[in-house]
Amino acid sequence: MDFYSATAKGYDELYGEEQKVKHRIIKENLKIKNNGLLLDVGCGTGAFSSFNCKVIGIDPSMELLRQNKTDDRKTNANNTPNKIQAMAENLPFKDNVFDSVISVTSMHNFDDIKKGVSEIIRVGKKDFAFSILKKSNKFDCIEKIIKKYFKVKKIIDAENDRVFICSKVFK
C-alpha cells in the first residue's frame, strides 16, 4: 500500500491547513476568470476545487479521489467529470484546453517529471502555478525544469513549499 492510499482518509486532517496556505497564495497570484477552466494536476482530496471557475482535477490515487468532495455528477461544458484518475505523464485532454494549470506539492511524485511538465505545457494555454516541496530530494531538479520551460513571474516561499507563478513560453 502506498503512502497516499494509507493516509487518504486522514489526508485533509494531516495537511489541510498547510494546503489552505498554498491555495490562498495561488488564488491571490493566479488571476482566473469565473468562466475559466482550471486543471489541478495531483488534486488529491480536492482542496483546490473551490476556485471560482470550472475545475477538473486529476490524481493517480483512487483513494484520495474518493475523499474528494467535488460532486461527481457535475461536469464542465465538455461533459468531462470534475475528477479523473490519471497520471500527469499522460493527461487525457486535448492540446491547449485549460486556461490555467496548477500542481500543488505533487511534482516530486511524478514518475517522469519532464514528461509530466511536457503534458502540463501541452494542455495549458497560459497561466500555471506549482508548489514544490522544499525538502524533496528532487527540488533542485524540479526548479530547474520549471525555470527552463516556463516564464517564472513570481516565486513565493510558503512554509514547506516554494510556489512558482508562471506563464507559458511561446516560441
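Below are the figures for this structure:
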quantity: Of residues in region 126-149 being open to solvent by 50 Å² or more (accessible area, probe 1.4 Å) and not charged (D, E, K, R), the one farthest from SER103 (Cα to Cα); calculated: ASN137
quantity: Qualifying residues in region 150-171 (those that are of a type in the set (A, V, I, L, M) and over 16 Å from ASN96 (Cα atoms)) - the one modelled with the lowest pLDDT; calculated: ALA158
quantity: Pair list, Cβ under 6 Å, 6 or more apart: region 94-107 residue among the hydroxyl-bearing types (Ser, Thr, Tyr), other residue part of a strand (DSSP E or B); calculated: SER100/LEU38; SER100/ASP127; SER103/VAL41; SER103/PHE130; THR105/SER131; THR105/LEU133; THR105/ASP161
quantity: Total residues in region 103-117, condition touching a Leu at 6+ places or on another chain (Cβ under 8 Å) and closer than 21 Å to ILE56 by Cβ; calculated: 1
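The values are calculated or read from the model by the stated rules, or taken from the named source; none is laboratory data. What you are looking at is a predicted structure, and each value in this text was computed from that prediction instead of being measured. Virtual Cβ from ideal backbone geometry, glycine too; neighbours counted across all protein chains shown. In case anyone asks, the SASA skips ligands and DNA or RNA and just uses the protein heavy atoms, side chains included. Shrake-Rupley method; radii C 1.70, N 1.55, O 1.52, S 1.80 Å.
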